[in-house]
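Below is one structure, written out as structure tokens; comments come after it.
The values are calculated or read from the model by the stated rules, or taken from the named source; none is laboratory data. Note that the structure is a prediction, hence the values are computed from the model and not measured. We place every Cβ from the backbone using ideal geometry, glycine too, and count neighbours over all the protein chains shown. Surface areas here come from the heavy atoms of the whole protein model, side chains and all, with no ligands, DNA or RNA. Shrake-Rupley method; radii C 1.70, N 1.55, O 1.52, S 1.80 Å.
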Amino acid sequence: MLRTKLPVATTLAVVATLGLTAGCGSDGGGGSAEGDSKGGAAVGRALAKLPMKPSEKPTPEPTDEPTDEPTGAPTGNPLVSEDVKMGNCGWDSSNMPYAEVKISNSSSTKQDYTIFVGFVDKDDEVVTTGMSSDASVAGNGSKTVTVKGLEADAAKKAKTCKITLATKTDALD
């Protein structure tokens with residue numbers, strides 16, 4: 001017979017479930033725990049019988065120096081392609097904030113870019129956001145796209161605009 005060890009969390013969940021179902025309806029009246037004083041006690045007794053040994057050996061004592069080596073130079077925000085740079089920001093005639101985003105395709109093939117921009121106030125709180133998902137750029141080409149905010153900013157609270165996400169994928173066409 002093959003025996004496997006269950007992790008402690010799984011064992012706790014199984015025992016708790018069995019304890020709850022064993023205690024519910026102990027008067028033979030169905031699944032309701034109302035008026036059943038044994039339900040909580042059954043769970044407590046079941047949990048008290050659980051093994052208290054760790055399932056795995058503890059890790060060695062921590063060291064002052066890391067045990068692995070970095071594999072490359074750190075980069076900027078991993079959610080923002082290095083091909084995308086922020087340009088000018090402002091408001092159009094209907095008080096919609098906009099950002100000009102400059103794309104320089106570093107690939108030799110045509111790429112599609114999806115760009116999200118956050119328009120933030122002086123306290124770095126988001127006033128509104130904007131998105132562009134139709135920016136296709138030829139291989140080794142460049143393009144500037146305008147990303148408009150989704151809501152007007154009549155009070156002109158947005159002081160800066162930030163690229164929060166910029167991905168590139170192979171163009172479908």
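Please work out if residue 164 is modelled with pLDDT under 95, out of contact with any strand residue (DSSP E or B) (no Cβ under 8 Å at 6 or more places or on another chain) and polar (S, T, N, Q).
So residue 164 fails the test.
Among the residues of region 130-173 satisfying the criterion of being touching a Ser or Thr at 6+ places or on another chain (Cβ under 7 Å) and open to solvent by 80 Å² or more (accessible area, probe 1.4 Å), which is farthest from residue 116 (Cα to Cα)? This residue is 140.
Taken as a whole, region 113-127 holds at least one residue that is more than 25 Å from residue 173 (Cβ to Cβ), among the charged types (D, E, K, R) and touching a strand residue (DSSP E or B) at 6+ places or on another chain (Cβ under 8 Å). Within region 100-116, being closer than 13 Å to residue 161 by Cβ and out of contact with any Gly (no Cβ under 7 Å at 6 or more places or on another chain) holds for 115, 116.
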